[in-house]
Amino acid sequence: MPKSNRPIKPTPAELNLLRVLWELGPATVKQVHLAVQIDRPEATYATVLRQLQLMHAKGLLRRDESERSHVYAAAQKKNALQTNLLKELINKAFAGSGKALVLAALRGHVTQEERDEIRQILHGEDQ
């Protein structure tokens with residue numbers, strides 16, 4: 001992990017690789033590369049390897065070196081990282097107001113199906 005206690009903010013490219021690892025679970029570079037190529041066929045093995053190495057150095061990933069092929073895994077659970085990024089967004093863009101964030105999201109970034117699901121959550125119907 002990094003030296004400070006502040007959470008590491010991944011770049012958009014790093015966040016894409018984290019999404020792949022959250023979906024796959026611990027994976028080799030080859031497995032990550034194959035998953036990345038589904039959306040980005042131009043991504044080379046060398047580029048994915050280098051990015052994973054940099055993310056490990058930053059503390060975003062753990063690396064198991066016990067096997068010939070190193071296995072990478074996200075250092076933080078998906079929900080923990082999303083919560084940290086959301087807190088930062090709320091503080092920076094919405095003056096600390098979670099309500100303002102939710103209202104902004106509801107104004108045009110939520111499908112009808114998602115609205116129905118939110119209603120169920122608000123009325124305690126999913127518990």
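Mind listing the long-range amide H neighbours of LEU61? Cut-off is under 5 Å, sequence gap 5 or more, other chains count too, H placed in the peptide plane at 1.01 Å from N.
Under 5 Å from the amide H of LEU61: HIS56, ALA75.
Taking every pair of distinct Cα atoms and averaging 1/r, then inverting, what Kirkwood hydrodynamic radius in Å comes out for region 12-74?
Working: mean 1/r = 0.0877 Å⁻¹.
For region 12-74, the Kirkwood estimate is 11.4 Å.
Whole-Hz Karplus ³J(HN,Hα) for region 31-39, in order, using 6.51 cos²θ - 1.76 cosθ + 1.60 and θ = phi - 60°, x for Gly and Pro?
Per residue, the Karplus-derived 3J(HN,Hα) values read 5, 5, 4, 4, 5, 5, 5, 4, 9 Hz.
For a quick check: with amide H placed at 1.01 Å from N, whose amide H comes under 5 Å from THR28's, ignoring anything fewer than 5 positions away on the same chain?
Counting only residues 5 or more places away or on other chains, the set is TYR72.
Applying the Karplus parametrisation 6.51 cos²θ - 1.76 cosθ + 1.60 with θ = phi - 60° to the phi angles of region 103-112, what ³J(HN,Hα) value in whole Hz is obtained for each residue in order, glycine and proline being reported as x?
Result, ordered by residue: 4, 5, 5, 5, 6, x, 10, 10, 6, 4 Hz.
For HIS109, HIS70, what's the fewest-to-most ordering of other Cβ within 10 Å of each Cβ? Mind dumping the intermediate values first?
Working: HIS109 8, HIS70 15.
Placing the least packed residue first, the sequence is HIS109, HIS70.
Rank these for me by crowding, ILE118, ILE90, going from fewest to most other beta carbons within 10 Å. Walk me through the numbers on the way to the answer.
Numbers: ILE118 14, ILE90 17.
The order, fewest Cβ neighbours first, is ILE118, ILE90.
Please report the net charge: other residues with Cβ closer than 15 Å to the Cβ of LEU24, K and R +1, D and E -1. The partial results should precede the final answer.
Numbers: positive: ARG19, LYS30, ARG62, ARG63, LYS77, LYS78; negative: GLU23, ASP39, ASP64.
Here the count lands on +3.
Rounded to two decimals, what ratio of Rg to Rh does the chain give with C-alpha atoms and a Kirkwood Rh?
Values: Rg = 17.9 Å, Rh = 16.9 Å.
So for the chain, dividing Rg by the Kirkwood Rh gives 1.06.
Please report Rg (one decimal) and Dmax (integer) in Å for the Cα set of region 78-122.
11.7, 29
Would you kindly state how much longer the chain becomes between ARG19 and SER97 on full extension, computed as 0.36 nm times their sequence separation minus their alpha carbon distance, in nm to one decimal? Walk me through the intermediate numbers first.
On the way: separation 78, 0.36 × 78 = 28.08 nm, distance 2.68 nm.
Gain on stretching ARG19 to SER97: 25.4 nm.
Each reported figure results from applying straightforward, stated rules to the coordinates on display, with no laboratory input. Please read these numbers as outputs of a predicted model, since none were measured by experiment. Quick reminder, even Gly has a Cβ in these numbers, built from the backbone with ideal geometry, and neighbours come from all protein chains shown.
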